[in-house]
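What follows is a short report on a single structure.
Where a number appears in this text, it was derived from the coordinates with a stated rule and is not lab data. Quick caveat, the model's predicted, so the values are computed rather than measured. Neighbour counts are summed over all protein chains in view; Cβ atoms, including those assigned to glycine, are modelled from backbone coordinates with ideal geometry.
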Amino acid sequence: MVAAKQPTGLGGEQRDAAQDYPESDSETSRVRVWADLTGIEAVGIDEIRWQHGHRYLTLVYRIDPGHRRLLWTGQTRRVKTLLRCFRWFGRERTRAPRFVCSDMWQPYLTVVAKKAGHALHVLDRFHIALNMNTAIATADKSRWGWRRGS
């Protein structure tokens with residue numbers, strides 16, 4: 001593991017960021033340890049594609065008004081990855097958010113229900129509209145007897 005130097009504050013001083021998280025987590029995730037983790041009320045969970053093929057990073061953001069910031073990244077998009085984030089976040093901080101925003105990917109829904117079931121789970125507009133349009137199109141096809149290619 002390469003020890004990265006990270007700024008700790010506005011003064012520009014540097015410290016070894018690798019000492020702030022366990023060796024086992026450092027291989028699969030990177031944590032912004034200098035972020036203020038108090039008072040978080042809204043968390044966003046998403047993924048971003050990286051490299052070639054179907055390889056994704058899991059991203060967890062603080063999305064409070066006036067306090068938007070990346071909190072955590074995981075190198076895969078799996079249930080274990082998001083569970084690892086909640087484990088890092090800790091029990092007290094996991095109970096704090098009142099809102100969790102994510103897309104409708106089933107593993108995200110499962111983990112959020114298990115770990116942050118007390119929070120209001122807000123689903124993104126894109127996936128809601130996509131599912132509604134698909135359901136309407138399916139209903140129209142069955143109602144009017146439309147077939148592909150006719």
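Close amide-amide hydrogen proximity is noted between Thr76 and Thr58, each under 5 Å apart and 5 or more residues distant or on a separate chain (H modeled in the peptide plane; Pro and chain starts excluded). Each Lys or Arg adds one and each Asp or Glu takes one away; over the other residues whose Cβ falls under 11 Å from the Cβ of Glu47, this sums to +2.
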